[in-house]
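Everything on this sheet refers to the single structure shown next.
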Amino acid sequence: MINTVVDIGLLGLLLATALLMMRSQSPLSITILSSIYSLIICALFVVLDAVDVAFTEAAVGAGISSVLFVAVIRHDDEPSNNKRGNNKLGNDAPELKSAWPSGLSICLGLALGILLISGTADMPLYGDPAAAIHHYLAPRFLGQSGAEIGIPNVVTSVLASYRGYDTLGEVVVIFTAGMAVLLLLAFMPDQKIKSEVEGVSTTKRRGKPPRLWSRRTPLIANPVLKTVLLRFVPIVILFALYVQFHGDYGPGGGFQAGIIFGVGLITFGLLADSEKLQNVISERMVISGMAFGVLLYGAVGVAALFFGGNFLDYSVLSESQTAGQHLGIFLIELGVGITVASTMLSLFISFHRRHFNQSQDEFPG
Amino acid sequence: MTDILSRHLPILQVVVALLIAPFCVVLGSRNLARILMVSTAVIMFAISVMLLVGVFNGEVYSYQLGGWAAPWGIEYRVDYLTAFVLFTINLIHLLASIFCLGRTDDNIGRAARPVFYTAWLLCIAGLNGMVVTNDAFNVFVFLEISSLSTYVLISCGRDPKAILAAYRYLIVGAVGATFILLSIGLLYMQTGTLNISDLSRIIAERGSDRTIIMALSFFIIGIGIKCAIFPLHDWLPNAYSFAPNSVTVLLSGTATKVALYVMLRFLHDLFGANFSFTEMPLDIVLILCAILGMLLAPIVALRESNLKRMFAWSSVAQISYIVMGIGIGTTAGTAAALLHLFNHSIIKVAIFMAVGIVIARTGTARIKLLGGVAQRHRFACYAMLFGGLGLIGIPGTVGFVSKWVLVTAAVEKGWWWLAIPVLAGSLASAAYIWRIVETLWTKPIATDDAMDGGGSAPLDAKAEGGSADIAGSKKSPGAIFRERSEFDRTRIKDDTRKYLPAAVDLEHTPTTGGTPIHIVEWLPLMVLTGLALWFGLNASFTSDLALRAAASLINPEPMNLSQ
């Protein structure tokens, strides 16, 4: 009973948020609404007992992506970057034009919805013990992973060992996204062109560009935020390490830990200063970190080849099967964590640098 | 040793590129990254050849990742079809990555090169992973890798519109990927497994229901976007025409082809031909899309003013022939589809290489401005013409071979009327190829004065368009400037006959009209043209291969697992 009420309540909120997002005209409020949407989804994941997915959704959907959206809106809001030039500093973001989707897209959406609902007719109910998924692969995962892999968290066993290759693929997806951001924001020609054409290199400019993340003074001057920074960020980072190394036993693992770690450092960068963050972790380190995580994961797989097993067969890494599995899972989770954390940081730093360079070109020195 | 190597071949096919890619970034050196990229391409091609030979010797490779047996772990499987597609895409990749070393994409800066090569390697690793895997979810993971890197590769184009084209492809492609993921999720829900052979068996046993039907329709929509099947092709012309030249070359020969492979694999293997084509009217749907595509796309191509985009539209038309073969559904039809998949890959890649060479040296892709170019870039233009004849399907070219096989397959099935759209489509392609011939060969060199600046002093790319003094030009500089909507800035600069150092920079460093065609550019083009010529005259190897591949898909022999 109470479950049904919670489900309906959350789904209702989700629908309401989505409708509000469609109606809203300000990019900033859409960003806020989308982070609320993520939080509701996150609660739904908890209801579905997928706590580790909920971690990730909270950190990425509500956290990092909102930060990046706000950065883009702020960037556009700067008078030097804003072609319209009618937004005063400190105004809200520019307004969007149309608030409602066209008739065609509503029809398509409705048709898709009807299809989806009609397809549910033959689906097994949620939690139905007779459903096919509980009878084919799951019994072995639940019953034998303890003996075959030796760690209590079955999710980690499946994700890191039985289907470890998919996870390697996912890490590479994240690495690819990091490379994409590097190519788009860090190397794109226009910033270099601009400075070279004018015969002035960017470093020669002395003017301090407007900040992207905080306006005139660093946010750290605010005592509340300073307390948050000093007390809260270290705990977040400590928690990330806990999630990383406790993933074998409870919900968690490399993806969640990497994201929480990244969120901790990004919070630091937001509150203190991005330059201070780059003093702690340089951009070069971040880029190497992205590659290192993938390579560590791959190296475990290749090592298995040399020990005579198949790719990613951790059992051959040590004398006993479970010891090998433990070692392999520990290393690959570490690789996942490093790549994910570095990629998140790289996103943040790239956005900041892009803004910094562009504003510097246009900011009177 | 060779035993061990041959056992691990399927995984090496993918993992080599996957793990060398991060090295390119870490090393950060352009030259090292180049060497790594090309040697990876060579290794991957060698592996694909070894797999093909192995398959010819009667082996069916089955590789258990992580040492876990199939339905629990992920399985790689290589049969005739897989080996055939792997051979095709790795051949194209090898030639494309050699081509990529040339000077057709000077806009990509030196500092960015290693990251560019990383994205390139990730793209091809993803595509190989989609082909070689026998696990539905693994297909999705590698689809994501290849798609993400494709988006960013496209956005590196010379024109700022490339970013917009990449963004639009990203949105459409993400929708497609979501549909595929939904479909895989539904299949897992109904069967409890992700292994394709296993899924096929279970679906055949339990019969279909509405959820499976929905899974099939979602899958077709999703993969249709990735294949650019006619009504879902919208992203392709923009993506191909704004992408860097070498990226267009790579994508046209690999990305859509792999998506078509996945479609074949899912329809025949996973859902089962009986369900896809008999229970569901998918044959009619596919053939309808194919007919529309092969009739309408050439008409759009005929009206297109941009050379690269014209050939992109021609890709949409040519994909339709492959889709028709898939829709026919018989062994002969599938073999025709596969044969055209290979043949179209080699001719279209050769065409895009030639187009890239011409564009890089003239600085424009507008057909109107390319009059008389054939006199200067004879080799590239003849290669383009030869490829064009293949697109039409003139007897003696590879295009004729595959269209002939396709029509034969249609007649065999009793659908002789399919020959009409095939013929009409070929005539329409003849029209746009003739238009190119007319412009490149017979038109006077109308814009050469403007292009060369009449041999006068170099004009700075950054000089104001209105005030640039273009000697010997009858039009006002402003008018010429407006005319060259896309690559204008590159063209104004190119009057020198020597290389400009790449360090000068990035986007606006032109390769000049006088730049000789470098060996890395003409060699792959020559190889491809040679292959097209050879397989056009002597099609027994390719058609035999395609037939075996189709047979292995439709009537799988009892497996002899090589452990």
Out of curiosity, is residue B:25 crowded, with 17+ Cβ neighbours inside 10 Å, in contact (Cβ under 8 Å) with a residue 40 or more places away in the chain and away from chain A (no Cβ under 12 Å)?
-> no
Selection count, the stretch B:48-79, where residues are in a helix (DSSP H, G or I), within 14 Å of chain A (Cβ to nearest Cβ) and open to solvent by 10 Å² or more (accessible area, probe 1.4 Å) = 1
Selection from the stretch B:386-406 of residues on the phi < 0 side of the Ramachandran plot and open to solvent by less than 40 Å² (accessible area, probe 1.4 Å) yields B:387, B:388, B:390, B:391, B:392, B:397, B:398, B:399, B:401, B:402, B:403, B:406
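Yes/no per residue for (1) among the basic types (Lys, Arg); (2) in a helix (DSSP H, G or I); (3) within 25 Å of the chain's Cα centre (by Cα):
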| position | (1), (2), (3) |
| --- | --- |
| B:3 | no, yes, no |
| B:26 | no, yes, no |
| B:34 | yes, yes, yes |
| B:41 | no, yes, yes |
Restricted to the stretch A:176-200 and to residues being at the interface with chain B (Cβ under 7 Å from one of its Cβ atoms) and at pLDDT 60 or above, the residue surrounded by the fewest Cβ atoms within 10 Å (Cβ to Cβ) is A:184
Note down all Cβ pairs under 7 Å where the first residue falls in the stretch B:212-235 and is at the interface with chain A (Cβ under 10 Å from one of its Cβ atoms) and without any contact (Cβ under 8 Å) to a residue 60 or more places away in the chain, the second is open to solvent by 10 Å² or more (accessible area, probe 1.4 Å) and outside any loop (DSSP other than H, G, I, E, B), and they're at least six residues apart or on different chains.
-> B:214/A:115; B:214/B:186; B:215/B:186; B:218/B:179; B:218/B:182; B:221/B:179
All but one of (1) in a loop (DSSP other than H, G, I, E, B); (2) open to solvent by less than 10 Å² (accessible area, probe 1.4 Å) hold for residue A:249, so report the exception by its number.
-> (2)
Helices (runs of 4 or more DSSP H) within the stretch B:104-209 that include 2 or more residues within 10 Å of another protein chain (Cβ to nearest Cβ) and closer than 22 Å to residue B:93 by Cβ = B:113-132, B:136-155
Test residue A:152 against the criterion of being open to solvent by 10 Å² or more (accessible area, probe 1.4 Å) and more than 11 Å from chain B (Cβ to nearest Cβ), and give yes or no.
-> yes
Under 7 Å between Cβ atoms, at least 6 apart or on separate chains: pull out the pairs that start in the stretch B:98-116 with a residue that is over 12 Å from residue B:244 (Cβ atoms) and among the hydrophobic types (A, V, I, L, M, F, W, C) and end on any residue that is in a loop (DSSP other than H, G, I, E, B) and modelled with pLDDT of 85 or more.
-> none
Where residue A:287 falls short, out of the listed (1) open to solvent by less than 40 Å² (accessible area, probe 1.4 Å); (2) within 24 Å of residue A:248 (Cα to Cα) | (2)
Among the numbered conditions (1) outside the structural domain of residue A:254 (by TED's automatic domain parsing); (2) open to solvent by less than 60 Å² (accessible area, probe 1.4 Å), tell me where residue A:161 comes up short.
-> (1)
Taking the stretch B:329-360, which residues are more than 21 Å from residue B:393 (Cβ to Cβ) and crowded, with 24+ Cβ neighbours inside 10 Å?
-> B:356, B:357, B:358, B:359, B:360
Which pairs do you get when a residue that is within 8 Å of chain B (Cβ to nearest Cβ), found in the stretch A:106-126, comes within reach of a residue that is part of a loop (DSSP other than H, G, I, E, B) and open to solvent by less than 70 Å² (accessible area, probe 1.4 Å), reach meaning Cβ atoms under 8 angstrom, with the pair 6+ apart or on two chains?
-> A:122/B:209; A:124/A:131
Residue list for the stretch B:5-15, restricted to those being more than 8 Å from chain A (Cβ to nearest Cβ) and either free of Cβ contacts under 8 Å to residues at least 40 places away in the same chain or open to solvent by less than 10 Å² (accessible area, probe 1.4 Å) (or both) = B:5, B:9, B:10, B:12, B:13, B:14
What number of residues in the stretch B:199-211 are surrounded by fewer than 24 Cβ atoms within 10 Å (Cβ to Cβ) and in contact (Cβ under 8 Å) with a residue 12 or more places away in the chain?
-> 7
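The values are calculated or read from the model by the stated rules, or taken from the named source; none is laboratory data. Everything quoted here is computed from the prediction, not taken from an experiment. We place every Cβ from the backbone using ideal geometry, glycine too, and count neighbours over all the protein chains shown. With ligands, DNA and RNA removed, areas are computed over all heavy atoms of the protein, side chains included. Shrake-Rupley method; radii C 1.70, N 1.55, O 1.52, S 1.80 Å.
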